[in-house]
Structure formats: structure tokens, C-alpha cells
Amino acid sequence: MRRDHSLTWLLIGVAATTALARDIGSAAQTVDYVIVGAGPAGMVLAERLSRDGTNKIVLLEAGPKEFNATLLNTPALFPFITEPLWNFTGQPDENLAGNSVQIPQGRVAGGGTAVNGMAYCRGAASVYDQWASVSGNQGLAWTSILEDFLEVSHYAKTVNGTGDRQQLVNQTVYGHGSVGVEVSRSSSMVGYETLVSQIVEDEMGVPEVDMNDGTGIGIDRGLLSIYAENRTRSYAANVYGPALDDRRNVQVLYNAWVFHIGFEGNRAVNVTYLQQSLNGEDSTLTLRGNEIIVSAGAINSPKLLMLSGVGPRAELERHRIPVVADISEIGSNLHDHALSIMIYNAAPEILTVWQWTKNTTEAVIASEQYASNKSGPLGTGNGFVYAAFRVPDSTFDGLDGSHYTTLPADRPHVLIQVTSIPLLAGINSSAVTAWASIVQPEGVGRIGLQSSDYRDNPVIQTNYYGSDADKAAILWAYKKLRDIMDNSALQTILPEEIYPGANVTTDEDIWKAIQAQTLSYRHPVGTIALGTVLGNDWRLRGLEGIRVVDSSTFPCPTTCHPQSAVYAIANRAAKDILKSDQSSHRSTRYISEIFSWARYNIEAAHSRWT
């Protein structure tokens, strides 16, 4: 006689679902997606993948849920954030005369968006078209990924302050997403932005633009990821965190440092993490997932993969790590936007960071303005303005400058920026910093391991200005910026060049000044690149059950600040993953139906014969 097991299986399924709802992160359960890293990519992925309530997701973040609320939420205070960070430092770079560069990254819910300068910029459209071409994922092309930018961001003009200046904003390229974007300041301008912009326009022949509509070359007075209604930081955790907290199918674990991904054959099946406790009673736990998504950033993601046996064989064997997959490109293709600085004394009327931190009168005024109606300098981006443009082809005479000369015409080579933050140690007066940065460098660096101990920082080979053409480009850009800042119209408000100083005039001395004061923009990307390491479905080639989605996947850097692009690619990747997995589930159901049909017919035949 046929036995019907359907009720039994239904009861088992209900019991399993109930148990999972009670404790998604239980070691006894296998969740649908384990996401490593709650930066902008991880937060977007968790929110999108969990929307329909069916996928069970655990998001693991090595850092805390939040930190000092005043530093976190007050836009102008970002330079004073020293924790919680991954305090990475590059190796001595021979291109910088042996100097090492610090590259701190956010170690907190929201990742870099919780600690950065909040610049919101998408840059040249051709970059995204290149990503689509090399990856085979046409969803990354500009005309497609613009949809994702629209889905994650919205623009709102500030509602506080009076006398707001007009800023060029192309409002057609902002949608109804949760990430707030607004002009960088309202009634309290620092005092040089308009003048600097006009000088750049006159000398470089580039107009003011909105670098969020696919334009790469021009002047941008700086849009920020700030909520216009209260002038506080808009970042991944306060944008997406509340929705995740309300969903029973999502569990977010903080202070959960993932240090190993487990494989069965070529399939990733679990992660092991250190659950850190305030009372010092840390525990090591393992969580199984049908899919592991690594979103730990361009430095930590390759480090985690290598610690797990996925990476260059020689690097893994050097540290006696069993090789799961020999993928030589993991950790390579490291791009970062280095910046080479110059410093100027500022006149008393220029409202620099020094003025409202060291000047008692200005500090009191700034605090009262922000407390009363969120106006004043504390709700701003510290007066930054930037411009991007190409280097003349003649700069590369006698060199192989083909990397630069063959880039698409919409793509700038360099970016200059001015800010009221004194970036040179030891400055104890009101000062303004200007810098030049190569945004499409030819030279690339690499991430490696210091040891097999996850507590050790990785080895970072920065290789800034790593080719003769890079050196020529930054030297030209630095001198051009110096000419702009020496314009007679700026002399009354920026009367003296503190660094490198008036006595530095020859190319040799200028190059030494660049080497001595080059910093990181903190924009590392590219170390697990699409089209090289990843397929168009975000999977590591040759492996199953594992994807990577974060800034490490950029085949090349954006032409300006990259945070907006991380939000957008994660949004696109989530749609790709859902589509792929739904297709896979349909195939699974189809196979299951075949087996059910076969079992029914076998049982029917058996009953006829018996």
C-alpha cells in the first residue's frame, strides 16, 4: 500500500522554519546567505536579498554597531575620527623615497561610509562601460547602472540656513533611494570656494559640472552624503540598518570577525568567526551558508580569501596555508588614489577647521549654530571643491604615455582638491590644504599576507606613481595646482605657501616634496577584479557557493571618490544574484518534480504488480 509522507515533511518543514526564525545564526542551521562585512556593499546586499522575507541572511561585521555619536553624525568632524578603524599601513614605497603611507579603513557598521569625508561622486561614464566590457555584465554599463544609482540615492536641497549659494546639480540623475545627497554647505561657506572654482575654470578651460551624471571632466563644488533635513551623515548603517533590524529573516552580528571560509571540495560551505565580547569572553563560532558573499573591502577581502586557501599558490605555501584554489590574481591590481599635498596660511576671515576648533569664539559660534538649527560649519564638508581634467599629451614626450593618451576622452587623468583641513602634521595656525591626485594611475600595487594569523595586518605594496608616466602626470598636476593656488586673486586670503615653500622651484625639488608628503585618499579598489578573478555573476571562477561584492571588484578605479559606486554595484549585484538563484531554484524544483513523477509512476506500477 502507498504511504503518504507529505504531512510528515510539512511538519518537519514548519518546525525547521520556526527554529530558524528564533535563531537564524545558530550553528545548527544553514542560512541562505552569509555576508561578510557590513559596509555599504554588505548592507545593500542584506537589504535587497531579504526583501521578500524568504531568504535567511546573516550579516557579520568585525566592528561595533556604532561609536561616538557626535563624531559619527556631525559632518565636519570626520577628520577627528580615529576609531573604529582598520589601521592599515603600506610597506615602505621606493617611489616615495621609502616612505610608508597609512590607509585606514572603516571598522564599524557602515564601513567607510561611517568614517569618510562623505564626498558623493560617480565620475566618468566610460569607467562603468569598461567594467561592463571586461566583466561581460552589461548591467554595469553606464546607461544600466544609472538605474541603480537612482534606486539607492536621492537629492534634497538643504532646508537650513539662509543665503544658500547656487550649486550646479543635475536633479534628473537622483532618484528616490535612501542615501541622502545634498550640497556641501549652506549659509556658511569657508570663503574660497567660488574664487578657486573661477580660477580653475579660467586657467583650465573646464566648466562647473555635476560629476554624478556621467561627466568626468570639470569642476564640482562637492555634493555630500548628508541628510538635508538635519545635516547629519547619511551612511550605510543608518540608511539600511533600520530595515534589517525589523526583518525576522535577517540577523546582523557585530564584533564578529570572520577569519576563515570553509570549503568542501571547491564549494564554500561556512565561515568561522571570532565573536568578541565586552567582558573579554570571546568565542569562536562557525556558521554554514548556502552562499558566502565576501564584502569586506579591497584590503580585507583578498586577505580573508588567502587565509582561507584561495589566492596565489606561492603566497599561500609561504605561510603554510593549504591551497583550495590557486588564483594568482587575488590581491593584485590594487589601485588607490594617492594625494600629494601643499599647505597655505589662511587669512582670519577664512573659516577653516582650525578656526572653529582652536579659535574659542568661532568654536562657540559653530556649536551654537549647529545645536540651534543645524546651520554653520559643523554641518558642512569643510569647504572642499575639486576639479578633474586631462594632462596634455606633451607631458609624456620621450615616455610611454599610452596608458593616459588612449583613455576615453571623457575620462580625466588627475583631480585637484582644496579643503580647510590642515593635513600636514605640526600645523598650529589657520591653514588650507590643496592636493593633486592621479585618478587613473598606470602603476598598481598588491595585497599579500604577513602570516597565517588573521590578527596580523596584511602586507600592502602601494606602488604609488609606479611608472614613468605616473611620475610625469603627478609632477605636471602638482605644478599646475601650485600655479592655480598662487593666482594673485587668492593672495589676500591665502597669503603664504607653508609647504612645500617658496624656495622649492626645480622639478627635482618638487618631486622630493611630492615624495615626502603623499597620502592615501583611502580609496583602495580592484584586488578581486571582475573579468579577471570574478565572472559576470560575481562568483569566484572555478569555485562554487562564493561571491565577492565590494570595491575590490572594480576592474579599474572611478575618476573621483568611489563610495557612490559601491552602493550602486551592490544594488546591481543583488539583482543579479536574485535572478541567478531564482533560476537555479526553478531548475531544482523542475528536477524535484521529475523525481516526484518518477516515484509516483514506480509506486503505481508496483501496486499494479502486487
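Only the coordinates and a few stated rules stand behind these numbers; no lab work does. Everything numeric in this text was worked out from a predicted model, so none of it was measured. Heads up, the Cβs are rebuilt from the backbone with ideal geometry, glycines too, and the neighbour counts pull from every protein chain shown.
Using just its DSSP H runs of length 4 or more, each adding -39500 (n - 2.57), the chain gives a mean residue ellipticity at 222 nm of -10000 deg cm²/dmol after division by all residues. Summing +1 for each Lys or Arg and -1 for each Asp or Glu among the other residues whose beta-carbon sits under 15 angstrom from that of HIS335 gives -3.
Among 427-440, 498-511, 280-293, 37-50, sorting by the average number of other beta carbon atoms lying within 10 angstrom of each residue, highest first, gives 37-50, 427-440, 280-293, 498-511. Working from label points 7 Å from Cα in the Cα-to-Cβ sense, the ASP483 to ARG541 distance is 4.4 nm.
In terms of the mean number of neighbouring beta-carbon atoms within 10 Å, the peptides 254-267, 53-66 order highest first as 53-66, 254-267. In terms of packing, defined here as the mean over residues of other Cβ atoms within 10 angstrom, the peptides 474-484, 389-399, 305-315 line up highest first as 305-315, 474-484, 389-399. Across the range 418-476, the mean sequence separation of Cα contacts (distance under 8 Å, 6 or more residues apart), normalised by length, yields a relative contact order of 29 percent. The phi torsions of the range 463-480, fed into the Karplus equation with coefficients 6.51, -1.76 and 1.60 and a -60° offset, translate into couplings of 6, 5, 6, x, 9, 4, 5, 4, 4, 5, 5, 6, 5, 5, 5, 5, 5, 5 Hz, rounded to whole numbers, with Gly and Pro shown as x.
Phi-derived couplings, Karplus 6.51 cos²θ - 1.76 cosθ + 1.60 at θ = phi - 60°, listed residue by residue for the range 513-518: 5, 4, 4, 6, 10, 9 Hz, with x used for Gly and Pro. In this structure the amide hydrogen of HIS260, modeled in the peptide plane, comes within under 5 Å of the amide hydrogens of THR272, none closer than 5 places in sequence on its chain. Distance from the C-alpha centroid of the range 408-447 to that of the range 497-522: 12 Å, rounded to the whole angstrom.
For the pair the range 38-83 / the range 88-133, the C-alpha centres are spaced 18 Å from each other. Measuring from each cysteine beta-carbon in the chain, the ones with no other cysteine beta-carbon under 4.7 angstrom are CYS556. Each Lys or Arg adds one and each Asp or Glu takes one away; over the other residues whose Cβ falls under 12 Å from the Cβ of LEU49, this sums to +1.
Taking θ as phi - 60° and the Karplus parameters 6.51, -1.76 and 1.60, the scalar couplings of the range 351-360 work out to 8, 7, 4, 4, 4, 8, 10, 9, 7, 4 Hz in sequence order, x denoting glycine and proline.
What net charge do the residues around SER467 carry, taking every other residue with its C-beta under 12 Å from that of SER467, with Lys and Arg at +1 and Asp and Glu at -1? Residues close to SER467 contribute a combined charge of -3.
Of all DSSP-defined beta bridges confined to the chain, some 70% are antiparallel rather than parallel. Summarising the amide proton neighbourhood of GLY466: residues at separation of 5 or more, or on other chains, whose placed amide H is nearer than 5 Å comprise GLY443.
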